[in-house]
1. Under the Karplus relation 6.51 cos²θ - 1.76 cosθ + 1.60, θ = phi - 60°, what is the ordered set of whole-Hz ³J(HN,Hα) values for the range 89-94, x standing for Gly and Pro?
2. Rounded to two decimals, what ratio of Rg to Rh does the range 1-130 give with C-alpha atoms and a Kirkwood Rh?
3. Could you estimate the translational diffusion coefficient of the range 127-223 from the Stokes-Einstein equation, with Rh from the Kirkwood formula over C-alpha pairs, at 37 °C and 0.692 mPa s, in whole µm²/s?
4. Taking the Cα centre of each part, how many Å lie between the range 110-146 and the range 174-223?
5. Could you work out [θ]222 nm for the chain from helices alone, using -39500 (n - 2.57) per DSSP H run of at least four and dividing by all its residues? Round to the nearest 500 deg cm²/dmol.
Amino acid sequence: REEVLEARWLAAGELARLAERGGDLAAAAQWQSEAAGRAEQALRDAESLPFVEDWARSRDVSRERLAATELARSSVLAGDARAARVADADEALRRCQSGSAESVRLRALVFDRRGDSAARAELIEREWRARPDEPLLRVLWASELRAKGRASEALDIELDVASRLFGSYDRSRSLAVAREALAHPDTRLAARGRALLEQLARGGDAVAGEAVQVLRSSPPRRP
């Protein structure tokens, strides 16, 4: 029974991804809603059957993906149609129970779509203070710091996240952070930027080539 539900949940999620790749966001949203429904059914069945999967989390993952899809749909709409898609995203997130960092990011986007920057900032700061070591929340907080004109503090956080998550962090974003740091008047930040560039330069890809060029054109500063 659980294996069948899991297969249907996975299939709905994959159909949603295929629809999204094909540009059919309405169909993607329908399939994500279907996936959430499959997980909800599994949760009900788990009350009387020996299920082992974390179906509450699976349901929330589908709802987060649904919210992300609705927000993507809203970005190309206007007026009431845009507001309706944002409202659907908001509803999907309100029904999530995990409180994941991804749900915080999406809730912040809902506030953005509604033009409520104060609510977005309050949400991000509150969640970051509750979980100050969560990488995604740290990145979101760094973005808020930039909006407040506190770019050096933001850069300090972004350098730390990029270094700690080097193997999984977006290399292009790491390059941008490292370049900004290298040009910073604070010698400590500049040194950290150079160290990150040196790591990137060993990657063997286009980002690595650009990192090498930046390093060659920027000799180390004298202490």
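Each reported figure results from applying straightforward, stated rules to the coordinates on display, with no laboratory input. All values derive from a computational prediction rather than experimental measurement.
1. Computed from phi, the couplings for the range 89-94 are 5, 4, 5, 4, 6, 5 Hz.
2. Taking Rh as the inverse mean 1/r over Cα pairs, Rg/Rh reads 1.02.
3. Rounded to a whole number, D works out at 240 µm²/s.
4. Centre-to-centre (Cα) distance: 27 Å.
5. -25000 deg cm²/dmol
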